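The values are calculated or read from the model by the stated rules, or taken from the named source; none is laboratory data. Everything numeric in this text was worked out from a predicted model, so none of it was measured. Every residue, glycine as well, gets a Cβ built from its backbone with ideal geometry; the counts of neighbours run over all protein chains shown. For accessibility, only protein heavy atoms count, side chains too; no ligands or nucleic acids. Shrake-Rupley method; radii C 1.70, N 1.55, O 1.52, S 1.80 Å.
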Amino acid sequence: MQSFSYLLARTPQEAAALAAATPGAKFIAGGTNLLDLMKLEIETPSVLIDINGLDLDTITSTPEGGLRIGALVLNTDLAANPTVRSDYAVLSRALLAGASGQLRNMATTAGNLLQRTRCPYFYDTNMACNKRSAGSGCSAQDGVSRQLAVVGASPACIATHPSDMAVAMQLLDAEIHTVLQDGSERVIPIEDFYTDPAANPGIETVLQPGELITAVHLPAPLGGRHYYQKVRDRASYAFALVSVALVLDGKGGGRVALGGVAHKPWRSREADALLPSGAGAVMSRLLAGAQPTHENEFKILLAERTLAGLLSASAE
């Protein structure tokens, strides 16, 4: 691990200003992904700005009837929150499907959104990876690609986003609240938060230099029945081959989002509208234009069958 300096931020505004003014600076909270990347020297921050002391660890109701989740709320606490369990059950179930109990006790809401891909070529510094080193190439294109993207990818990168929590938040139309270096704030719908990998796979979100996530807002509860099914190679502590987040409104409609298939949580409102026509119709629209490799083309059928299984279970 390369040496770095350490700063302790006292306010979100100070943290954003410090990060923007310090080339190579990174925020640190739980550090569950960042520290691993630093040990491998994939991340080499010159300065770590500790934000753990900021008052961003509470869950409160919003005037609109929704929920404000502070950026530093731990995954364990979010999954166990009574309001989340009763009104946003798909989020609680997604969180509990991710990582391990020990990791969820350290991982934060903002950190979960910003975790890096688990593509093996990103972590192997002997291999070409445009996400790690722009312009070096993508070894995954002709390599082991079982876990990697089938839709939304580019010749430059076929990595997937690893978060389960983000899939549920995409389904729920979450909004990400931030503070910028000048102290101003902005709100980013989660559907606009992650960037396409075509131009520069190393840039994964629309966050500006120094911009700090302060909270995630959820709109008023959807109601209905909530499901989250994660299909993976091991029963626990493994990333999704395919995950399906589903909310059914009880009137034949609902929403669907997928994880494990793209560089971001994958959802289409046009596909949502096809739920009354069944899993095949939904996936034909949701995965339209998919370009799987020979190793991961099974994900197309796996996603359809996973959704079909949830729809069948909901009818019982």
- Message: For region 194-236, which positions are part of a loop (DSSP other than H, G, I, E, B) and under 16 Å from the mean Cα position of the chain (by Cα)?
- Response: Thr195, Asp196, Pro197, Pro201, Gly202, Ile203, Glu204, Val206, Leu207
- Those residues of region 59-74 which are open to solvent by less than 10 Å² (accessible area, probe 1.4 Å) and either touching a helix residue (DSSP H, G or I) at 6+ places or on another chain (Cβ under 6 Å) or within 27 Å of Arg234 (Cα to Cα) (or both) amount to Ile69, Ala71, Val73
- Query: Only one of Leu18, Leu48, Leu37 is closer than 30 Å to Asn126 by Cβ, of a type outside the set (Val, Ile, Thr) and part of a helix (DSSP H, G or I); which?
  - Reply: Leu37
- Task: Being under 16 Å from Met165 (Cα atoms) and either assigned by the TED database to the domain that holds Glu304 or of a type in the set (A, V, I, L, M) (or both) is the filter here, so list the residues in region 194-218 that pass it.
- Result: Ile213, Ala215, Val216, Leu218
- Looking only at region 236-243, decide whether some residue is open to solvent by 20 Å² or more (accessible area, probe 1.4 Å) and at pLDDT below 95. yes
- Could you grab me the full set of residues in region 252-277 that are among the hydrophobic types (A, V, I, L, M, F, W, C) and in a helix (DSSP H, G or I)? Ala271, Leu275
- Can you give me the number of residues within region 82-104 that are crowded, with 18+ Cβ neighbours inside 10 Å and in a loop (DSSP other than H, G, I, E, B)? 3
- Query: Of all residues in region 35-58, which are loosely packed, with under 15 Cβ neighbours inside 10 Å and within 18 Å of Leu78 (Cα to Cα)?
  - Reply: Asp55, Thr58
- Which residues, taken from region 283-303, are closer than 13 Å to Val231 by Cα and either more than 21 Å from the chain's Cα centre (by Cα) or at pLDDT below 95 (or both)? Phe298, Leu301
- Item | Single residue of Val167, Val187 found to be in contact (Cβ under 8 Å) with a residue 24 or more places away in the chain, open to solvent by 50 Å² or more (accessible area, probe 1.4 Å) and closer than 24 Å to Ala257 by Cα | Val187
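For every residue, the table says whether it meets (1) touching a strand residue (DSSP E or B) at 6+ places or on another chain (Cβ under 8 Å); (2) buried (at least 16 other Cβ atoms within 10 Å of the Cβ).
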| site | (1), (2) |
| --- | --- |
| Val256 | yes, yes |
| Gly260 | yes, yes |
| Ala271 | yes, yes |
| Gly278 | no, no |
| Val282 | yes, yes |
| Glu295 | no, no |
| Phe298 | no, no |
| Ala308 | no, yes |
- Item | Options Gly24, Gly30, Gly66; residue that is out of contact with any Phe, Trp or Tyr (no Cβ under 8 Å at 6 or more places or on another chain), over 14 Å from Ala110 (Cα atoms) and touching a residue at least 24 places away in the same chain (Cβ under 8 Å) | Gly66
- Quick check: is even one residue across region 239-248 over 14 Å from Ala262 (Cβ atoms) and in a loop (DSSP other than H, G, I, E, B)? no
- Checked region 21-34 for anything open to solvent by 30 Å² or more (accessible area, probe 1.4 Å) and part of a helix (DSSP H, G or I); matches are Ala21
- Task: Test each condition in (1) open to solvent by 30 Å² or more (accessible area, probe 1.4 Å); (2) farther than 30 Å from Arg68 by Cα; (3) over 19 Å from the mean Cα position of the chain (by Cα) for Gln147 and report the one that comes out false.
- Result: (3)
- Message: So, in region 170-184, how many residues would count as being assigned to a loop (DSSP other than H, G, I, E, B) and open to solvent by 10 Å² or more (accessible area, probe 1.4 Å)?
- Response: 6
